[in-house]
Amino acid sequence: MDYFIKSIVSLLKEKTDLREDEIEKRIEIPPVLKMGDYAFPCYTLSKILKKPPNSIAEELTKILHPVSPITGIRAIGPYVNFFVDRSIFSERALKKIHEEKDSYGSDDTGSGKTIVIDYSSPNIAKHLAVHHLRSAVIGNAIYHIYKALGYSCVGINHLGDWGTQFGQLIVAYRRWGDESTRKTYTVTDLNSLYVKFHQEAEKNPALEDEAREWFKKLEAGDPEARTLWQHFKDISLKEFQKLYDMLEVHFDAYIGESFYNTMVEDTIRRIKEKGLAKISEEALIVDLEPYNMPPCLLRKKDDATLYATRDIAAAEYRMRTYNFDKMTYVVGSEQKLHFKQIFKVLELMGYDWASRCVHIDFGLMKFKDGKMSTRKGKVVLLEDLLIEAIERIRKIIEEKNPLLEDKDAVAKEVGIGAIIFADLSTKRNKDIVFDWDTVLNFEGETGPYVQYTHARLCSILRKYNQPVTGEVNYELLKEDETFRLIKNLWQFPSVIQRAAESYEPSLLCNYLIDVCGNLNRFYNTYRVLSDVEELTKARVFLVDATRQVIKNGLNIIGIHSPDRM
Ligand code: ARG
């Protein structure tokens, strides 16, 4: 528990009948500095004692006596507000950041626990779509947020590499594929084969039967079918990997839907044994009508198993393999119903861990600038998006800082960072409208702005050019603008906690924007490097701590922090 909150909790515990954890979880940070540093709302006590919260706040204030590090206690409306000793606070906060460095913000609350995170999970033989990018970026951030809390994280790419569409692709490839150029096939070629298949199948419906036959062969392990399928998979993975490398998104395992092919029969047997399965219109289903949901389809009339069946088998497999405490799926909101259905089936199968499965849903990314969607009809090629971001940033750097060394490397870190930040900074279940001018603006609430603030702090430290030490006079860091920043830095660990609890990386983005805003207010009000040595030392120490927190924050959400921009 935060040292200062702890002091407040022990003061309040003496004078109320509330438990420590009840007090702790209610403590808030007042919106403005002059109201105090922490506040305790009296609504709960008001219910227990049957008195208005305002009078409780006043009575409590009378009987509570401040002890260091608390210097003042005041009732404001229904709140008891606490003021801390600013120099004690600053010393504690800044020294902690200075000592913990890259690990400031992390703790071990999750040690011994495992979280499985299923993210990106694109479909083979198709281009990575925008929602797979969003999923990759959000999933990667959640991975690092949980890692920072000491969890053991398992990142899984649940590739869509199974299903009747592979029968269609095999038919198309065998009929119209060009054997001689096989080796150079790309995902775009595979896509064209799909399109061709559907055009031809309209004229000649027998092709659909042929495709079903080939998928059956594939499910049965026919060597030709397997070889072609593996070939499609290799082509796709090569393209996906290029994007994951650019984004620096990593997976512990690529375990696609095909992997569960041999397990689905057992899964279906268990579902049947529980009396959950029934035949409806020749298909095998779990009736979910009592739960106001459409049925969960397990097997079609042609015997082919389905997405949902494989997800249920995958969940059982993951429990057996990782014995997880939580299992999360970072998948767009359009699949809400799918996950509600499979979680319900798992629950009905008697798995208590079904309640520990979470669908981390997210909204759409739309493009304001129609230009991005021209090259391949409506498809936004993500590689183009990332490359364009890098090129645009490269131009801005050329204008702003033509003498910068390593321009290409910095443009890459900032360009990619801009896309990641744009993706993460909106609450995840909201839709995003992607607009280049907003995303790349060095002065807006963007990745480049945060990175630029970080680089400016590095530049101050380069100018100072002396070792930074914590042996400074903390009495000199008491001004409001200065103290507001220090308090903000102290919040970092709790922001990570909250981001984890709500699976919401946007909290970290908002936090970083706040830190940059507070830093700029401090920096615009006071001179950091001056002739007054003692003062310079203290302010430099704060600058270094701010740099560290911004770096750690960006790092957790998967963004680099270049020293120069
Ligand atoms: N392949 C699916 C799609 O592109 C996403 C899979 C998400 N993960 C899962 N376990 N269902 O829509």
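Looking only at the range 348-358, decide whether some residue is within 16 Å of S135 (Cβ to Cβ) and among the polar types (S, T, N, Q).
No, the range 348-358 contains no residue that is within 16 Å of S135 (Cβ to Cβ) and among the polar types (S, T, N, Q).
Just give me the residues in the range 74-91 being of a type outside the set (D, E) and open to solvent by 30 Å² or more (accessible area, probe 1.4 Å), in sequence order.
R74, A75, I76, G77, Y79, F83, R86, I88
Restricting to the range 464-478, name every residue that is under 36 Å from the mean Cα position of the chain (by Cα), open to solvent by 50 Å² or more (accessible area, probe 1.4 Å) and not polar (S, T, N, Q).
If the condition is that a residue be under 36 Å from the mean Cα position of the chain (by Cα), open to solvent by 50 Å² or more (accessible area, probe 1.4 Å) and not polar (S, T, N, Q), then P467, K478 are the ones that fit.
Out of curiosity, is Y322 crowded, with 21+ Cβ neighbours inside 10 Å and either touching a strand residue (DSSP E or B) at 6+ places or on another chain (Cβ under 6 Å) or more than 16 Å from N261 (Cβ to Cβ) (or both)?
In short, no.
Give me the pairs: first residue in the range 480-497 and within 14 Å of L519 (Cα to Cα), second residue buried (at least 22 other Cβ atoms within 10 Å of the Cβ) and of a type in the set (D, E), beta-carbon distance under 8 Å, and six or more apart or on different chains, which are they?
Note: pairs meeting the criteria are K487/D37.
Could you list, in sequence order, all residues of the range 512-527 that are farther than 15 Å from G558 by Cα and open to solvent by less than 10 Å² (accessible area, probe 1.4 Å)?
V515, C516, L519, F522
Right, K300: surrounded by 13 or more Cβ atoms within 10 Å (Cβ to Cβ), in contact (Cβ under 8 Å) with a residue 40 or more places away in the chain and either near the ligand (Cβ under 10 Å from one of its atoms) or not aliphatic (A, V, I, L, M) (or both) or not?
It is false that K300 is surrounded by 13 or more Cβ atoms within 10 Å (Cβ to Cβ), in contact (Cβ under 8 Å) with a residue 40 or more places away in the chain and either near the ligand (Cβ under 10 Å from one of its atoms) or not aliphatic (A, V, I, L, M) (or both).
What do you reckon, is D85 free of Cβ contacts under 8 Å to residues at least 24 places away in the same chain and touching a Ser or Thr at 6+ places or on another chain (Cβ under 6 Å)?
Against the criterion (free of Cβ contacts under 8 Å to residues at least 24 places away in the same chain and touching a Ser or Thr at 6+ places or on another chain (Cβ under 6 Å)), D85 qualifies.
Inspect the range 330-338 for any residue being within 11 Å of the ligand (Cβ to nearest atom), in contact with a Gly (Cβ under 9 Å, 6 or more places away or on another chain) and either touching a residue at least 60 places away in the same chain (Cβ under 8 Å) or over 20 Å from M293 (Cβ atoms) (or both) and give the result as yes or no.
Yes: the range 330-338 contains one or more residues that are within 11 Å of the ligand (Cβ to nearest atom), in contact with a Gly (Cβ under 9 Å, 6 or more places away or on another chain) and either touching a residue at least 60 places away in the same chain (Cβ under 8 Å) or over 20 Å from M293 (Cβ atoms) (or both).
Report the residue count in the range 235-251 for those that are open to solvent by 80 Å² or more (accessible area, probe 1.4 Å) and either more than 24 Å from L128 (Cβ to Cβ) or out of contact with any Phe, Trp or Tyr (no Cβ under 8 Å at 6 or more places or on another chain) (or both).
Going through the range 235-251 one residue at a time, the tally reaches 4.
Between residues in the range 37-65 that are surrounded by 15 or more Cβ atoms within 10 Å (Cβ to Cβ) and residues that are among the aromatic types (F, W, Y) and not in a strand (DSSP E or B), which pairs lie under 8 Å by C-beta distance while being six or more apart or on different chains?
D37/F4; D37/F89; Y38/F4; P53/Y43
Which one of I48, I56, I63 is among the aliphatic types (A, V, I, L, M), at pLDDT below 95 and closer than 17 Å to L12 by Cα?
I48
Anything in the range 112-125 that is more than 8 Å from the ligand (Cβ to nearest atom) and open to solvent by 10 Å² or more (accessible area, probe 1.4 Å)? List them, or say none.
Within the range 112-125, G112, K113, T114 meet the criteria.
List every residue pair whose Cβ atoms sit under 7 Å apart, with the two residues 6 or more apart in sequence or on different chains, where the first one lies in the range 540-554 and is of a type in the set (D, E) and the second, anywhere, is open to solvent by 10 Å² or more (accessible area, probe 1.4 Å).
D544/L461; D544/V468
Just the residues that are open to solvent by 30 Å² or more (accessible area, probe 1.4 Å) and among the hydroxyl-bearing types (S, T, Y), please, taken from the range 303-319.
Y307, Y317
Identify, from the list T184, T109, the residue that is free of Cβ contacts under 8 Å to residues at least 24 places away in the same chain and open to solvent by 10 Å² or more (accessible area, probe 1.4 Å).
T184
Out of all the residues in the range 130-171, which are more than 13 Å from the ligand (Cβ to nearest atom) and of a type in the set (G, A, S)?
A141, A148, G150, S152, G167, listed by residue number.
Does the range 525-544 hold any residues that are closer than 16 Å to S459 by Cβ and not basic (K, R), and which are they?
Across the range 525-544, the qualifying residues are V528, L529, T536, V540, L542, V543, D544.
The values are calculated or read from the model by the stated rules, or taken from the named source; none is laboratory data. Predicted model only: the values in this text are computed from it and were never measured. As a convention, Cβ positions derive from the backbone with ideal geometry for all residues, glycine included, and neighbour counts pool all protein chains shown. Just the protein is used for accessible areas: all its heavy atoms, side chains included, with ligands, DNA and RNA removed. Shrake-Rupley method; radii C 1.70, N 1.55, O 1.52, S 1.80 Å.
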